[in-house]
1. Please go through the range 164-175 and give me each residue that is under 17 Å from the mean Cα position of the chain (by Cα) and surrounded by fewer than 13 Cβ atoms within 10 Å (Cβ to Cβ), ordered by number.
2. Being exposed (fewer than 14 other Cβ atoms within 10 Å of the Cβ), within 26 Å of the chain's Cα centre (by Cα) and within 22 Å of Thr125 (Cα to Cα) is the requirement here; does Met186 meet it?
3. Starting from the range 190-206, keep only residues that are assigned by TED's automatic domain parsing to the domain that holds Ile170, then list their pairs with residues that are part of a helix (DSSP H, G or I) and among the small types (Gly, Ala, Ser) whose Cβ atoms are within a distance under 7 Å, requiring at least 6 positions of separation or different chains.
4. Output yes when any residue across the range 15-35 is closer than 20 Å to Gly94 by Cα, modelled with pLDDT of 85 or more and small (Gly, Ala, Ser), and no when none is.
5. Are any residues in the range 235-266 surrounded by 14 or more Cβ atoms within 10 Å (Cβ to Cβ) and part of a loop (DSSP other than H, G, I, E, B), and if so, which ones?
6. Looking at (1) within 21 Å of Ser99 (Cβ to Cβ); (2) assigned to a loop (DSSP other than H, G, I, E, B), which is the one condition that is false for Lys58?
7. Being assigned to a loop (DSSP other than H, G, I, E, B) and buried (at least 20 other Cβ atoms within 10 Å of the Cβ) is the filter here, so list the residues in the range 78-96 that pass it.
8. Kindly indicate whether His122 is under 29 Å from Lys17 (Cβ atoms) and not assigned by TED's automatic domain parsing to the domain that holds Leu205.
Amino acid sequence: MSMGGYSSMEIEAGRMKGNFATGSIDEMTGGVRLKLLSDDPATKPLPVSAGSMKFTWKEGQTTPSTILMEQDVKVDHPQASISAQRAEWNFETGDLVFSGSPVVNSEQLKGLRGEKMLLNLHNNTFEVLQVRADEVPLKASEGAGANGAAPSQQLTGREIKDWAGLIDAIKKEAAQDQPSPGKQVMKQMNAQNQQLLMKMDTAMLLERKEDLLRLINGVLVKPDFYSADAWLGIALPETVQASLAAENQSREELVAMNKALLKAAYPFAFNE
């Protein structure tokens, strides 16, 4: 078993306790610094530090199964720096669970805080409970913006009367297995925006309505936005039905059709 893709580590510590017979490390204290190393040149070293670290081992294994880290824990992952007062690392699952005022900072996320934070090093995903953040960019999809959808057809904030209901409905549908408009909305976004929308509280997202609006308009320029399975059972206006049957739509016509599809899916959220 490798440690989440890492095969060895450099160690600095004030004190180490272990077992000569097995070669295992039981505990390190007095300020501990690790640097996990991989045999794969593409995998960058992973620096980890804490006041103390306790290791658990399963019989016959040459790498630890878990490490409990306490006091001033810091992990400098290549994609983000995470600090907390406590962290437990399960090498079998790849889960690194932070508690005690965890904070994450990266190029995309500034000052993301929570009650508990889970980072999975196998797939580079994260989950945060009771989340707050200082700066979270919601980037529109490529092709949106000034040179993207025609201004005359873009969705405007004045057209939305129930922001919270709209976002909650999209998130709820996106979390389910069956095809839905919500899943289609999410599919048009990049992985970063998908995670942010699904993991963050709606109240926090609504503090950045302008960013959300740009993000939605980035979705509405996508030619693959509509799916017959996703809109099954939803009454579509005749104009939308005609647009779906048309060929060689202009960009303006595509955006107008997709906006009408969005409104048909969530009529409660929009002004007439």
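The values are calculated or read from the model by the stated rules, or taken from the named source; none is laboratory data. Values in this document were obtained by computation on a predicted structure and should not be read as measured data. Note that each Cβ is placed from the backbone with ideal geometry, even for glycine, and that neighbours are counted across all protein chains shown.
1. Lys172, Ala175
2. Working: exposed (fewer than 14 other Cβ atoms within 10 Å of the Cβ): no; within 26 Å of the chain's Cα centre (by Cα): yes; within 22 Å of Thr125 (Cα to Cα): yes.
Criteria not met by Met186.
3. Partner pairs satisfying both residue conditions: Met198/Ala174; Thr202/Ala164; Leu206/Ala164.
4. no
5. Leu236, Gln249, Tyr266
6. Among (1) within 21 Å of Ser99 (Cβ to Cβ); (2) assigned to a loop (DSSP other than H, G, I, E, B), the lone unmet condition for Lys58 is (1).
7. The initial filter retains those residues of the range 78-96 that are assigned to a loop (DSSP other than H, G, I, E, B), namely 78-79, 91-94.
Scanning the range 78-96 gives a single hit, Phe91.
8. Working: under 29 Å from Lys17 (Cβ atoms): no; not assigned by TED's automatic domain parsing to the domain that holds Leu205: yes.
No, not satisfied.
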